Amino acid sequence: MGDETRGFENPSAEQRCALLKRVKNIAVVGLSPNPERPSNGVSRAMQGYGFTIIPVHPAAREILGARAYPLLADIPFGIDLVNVFRRAEYLDEVVDECLQLGLKNIWIQEDIINESAARRAKEGGMMVVMNRCIYRDYRQYCI
């Protein structure tokens, strides 16, 4: 898993670390309440590093001790970064919502690739990281 994904180029390790050092509130789209799921473990670990995790899940009321919201638009405070744990075919709607809300940063987790959605987000003024694990990058490059 390099920094390039079929022509899409991620920000450098330094840029990714700078992003993670300036964000506090991370909305996690697709955060599962199941502790066995990667989204839960990664989000729990990021909480441990001091990030505020905001679960975005249509059916859950609370995940990892935090109130869950059905949509990004339902979150009543600022979102610094959207971390996506949804299959590639759902990325277009997540990007649409981010652009509509004027959000500036999206991190699409490892093994989730939708180049056209990532390009659209980038063209819309967002910083886009795709096909990388936020937890692994934070540990490897930022601490």
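For M130, the residues 5 or more places off, or on other chains, whose built amide H falls under 5 Å of its own are I108.
Taking amide H positions as modeled 1.01 Å from N, with prolines and chain starts lacking one, the residues under 5 Å from N105 and 5 or more places away or on another chain are V82, M127. Couplings 3J(HN,Hα) of the range 62-74, computed from phi: 8, 9, 6, x, 10, 4, 9, 10, x, 9, 4, 5, 7 Hz, in residue order, whole Hz [Karplus 6.51 cos²θ - 1.76 cosθ + 1.60, θ = phi - 60°; x for Gly and Pro].
In this structure the range 1-103 gives 52 Å² per residue of accessible area when probed at 1.4 Å with all protein chains present. Can you list the chymotrypsin sites (Phe, Trp or Tyr not before Pro) in the range 40-82 that are in a DSSP coil and have 12 or fewer other beta carbons within 10 angstrom? Here the chymotrypsin sites (Phe, Trp or Tyr not before Pro) that fit, given the DSSP loop and packing criteria, are Y49, F77. The trypsin sites (Lys or Arg not before Pro) found in the range 1-87 that occupy coil by DSSP, while having at most 11 further C-beta atoms within 10 Å, are R6, K24, R61, R87. Taking 25 Å as R0, compute the FRET efficiency from the Cβ-Cβ separation of A59 and R136 and round it to 0.05. My answer for the efficiency is 0.35.
Remark: the range 75-82, residue by residue, has Karplus-estimated 3J(HN,Hα) of 6, x, 9, x, 10, 8, 8, 9 Hz, where x stands for each Gly or Pro and the curve is 6.51 cos²θ - 1.76 cosθ + 1.60 at θ = phi - 60°.
For the chain, averaging the sequence separation of C-alpha pairs within contact (under 8 Å, six or more residues apart) and dividing by the residue count gives a relative contact order of 26 percent. Heavy-atom surface analysis with a 1.4 Å probe gives the range 1-122 a carbon and sulfur content of 48 percent of its accessible area.
With the cut-off at 1.5 for a/c, could you classify the range 55-111 from its C-alpha gyration tensor as rounded, prolate or oblate? Oblate shape, in that a/c is at least 1.5 and b/c is the bigger or equal ratio. Highest mean first, the peptides 88-94, 131-137 sorted by other C-beta atoms within 10 Å per residue fall in the order 131-137, 88-94. Rounded to whole numbers, the Karplus 3J(HN,Hα) couplings from phi for the range 49-61 are 8, x, 6, 8, 9, 10, x, 10, 8, x, 10, 8, 9 Hz, using 6.51 cos²θ - 1.76 cosθ + 1.60 with θ = phi - 60°, and x at Gly and Pro. Kirkwood-type hydrodynamic radius, the chain: 14.9 Å, calculated from all non-identical alpha-carbon pairs.
The values are calculated or read from the model by the stated rules, or taken from the named source; none is laboratory data. Here the structure is a predicted model, which is why all the values come from computation and not from measurement. Backbone-built Cβ (ideal geometry, glycine too); neighbour counts: all protein chains shown. Keep in mind that these areas ignore ligands, DNA and RNA; they rest on the heavy atoms of the full protein, side chains included. Shrake-Rupley method; radii C 1.70, N 1.55, O 1.52, S 1.80 Å.
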